[in-house]
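Visitor: A single structure is presented below for examination.
The values are calculated or read from the model by the stated rules, or taken from the named source; none is laboratory data. This is a predicted model, so every value here is computed, not measured. Note that we place each Cβ from the backbone using ideal geometry, even for glycine, and neighbour counts take in every protein chain shown.
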Amino acid sequence: MKALILLGCPETPSQTPMAVYAFSELTKLGYDVTIAANPAASKLVKISDPEGYYKLNLVDLERTLGEVSEGDYDLLVGFVHKDAAAAFFVTFDQILNTKSLALVFERDLDLVGEFVSMIEESGSKAKICAVRAFHNPSPIKINFDKALKEL
């Protein structure tokens, strides 16, 4: 089983620790996990694992978008905290046509609602976990853990 985690702009402090956590949890479930990230997010994830304990498989987000096709992954997990992240998630979701989980979060609840609407209006069948969060990753973690149990 293969999983793809999408990371965009690392502006929110919660994204990096949650990416490492998601990588770890999905690996425990037997997934071969790849993290597709923009350069800044990729650097933050690498620095978060200085000893290489997690053996992170990091690839470039934009390059991966041009290379993926349906059937490449069994699970898509996207961190959605900007409209561009929602657009990337929807695009990957449509290409991969696989089981998908959108972790939607922002400090502004109105923006959370907008990002959820963007995903829903795309016709995506993704499981959407939406929560108000920015600095504290705990609300995202709680929703991610619940979603994993439902997979």
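Visitor: Out of everything in segment 15-44 that is touching a Lys or Arg at 6+ places or on another chain (Cβ under 8 Å) and surrounded by fewer than 22 Cβ atoms within 10 Å (Cβ to Cβ), what residue ends up being farthest from residue 139 (Cα to Cα)?
Guide: The extreme case among them is 32.
Visitor: In addition: Here are some conditions: (1) loosely packed, with under 13 Cβ neighbours inside 10 Å; (2) touching a Leu at 6+ places or on another chain (Cβ under 8 Å); (3) touching a residue at least 60 places away in the same chain (Cβ under 8 Å). Residue 84 meets all but one. Which one does it not meet?
Guide: Condition (2) is where residue 84 drops out.
Visitor: I need a count of the residues in segment 67-81 that are surrounded by 14 or more Cβ atoms within 10 Å (Cβ to Cβ) and more than 27 Å from residue 134 (Cα to Cα). Give the steps one after another, and end with the answer.
Guide: Going residue by residue through segment 67-81, those that are surrounded by 14 or more Cβ atoms within 10 Å (Cβ to Cβ) are 68, 72-81.
From what's left, more than 27 Å from residue 134 (Cα to Cα): 68, 72-74.
Count: 4.
Visitor: Against the condition closer than 18 Å to residue 21 by Cβ, under 15 Å from the mean Cα position of the chain (by Cα) and buried (at least 18 other Cβ atoms within 10 Å of the Cβ), how does residue 89 come out, does it pass?
Guide: Numbers: closer than 18 Å to residue 21 by Cβ: no; under 15 Å from the mean Cα position of the chain (by Cα): yes; buried (at least 18 other Cβ atoms within 10 Å of the Cβ): yes.
No, not satisfied.
Visitor: Here's a check for you: in segment 49-66, which residue that is modelled with pLDDT of 90 or more and charged (D, E, K, R) is surrounded by the fewest Cβ atoms within 10 Å (Cβ to Cβ)?
Guide: Result: 51.
Visitor: Examine segment 38-60 for a residue that is touching a residue at least 40 places away in the same chain (Cβ under 8 Å) and of a type in the set (A, V, I, L, M), and state whether such a residue exists.
Guide: No, every residue in segment 38-60 fails to be touching a residue at least 40 places away in the same chain (Cβ under 8 Å) and of a type in the set (A, V, I, L, M).
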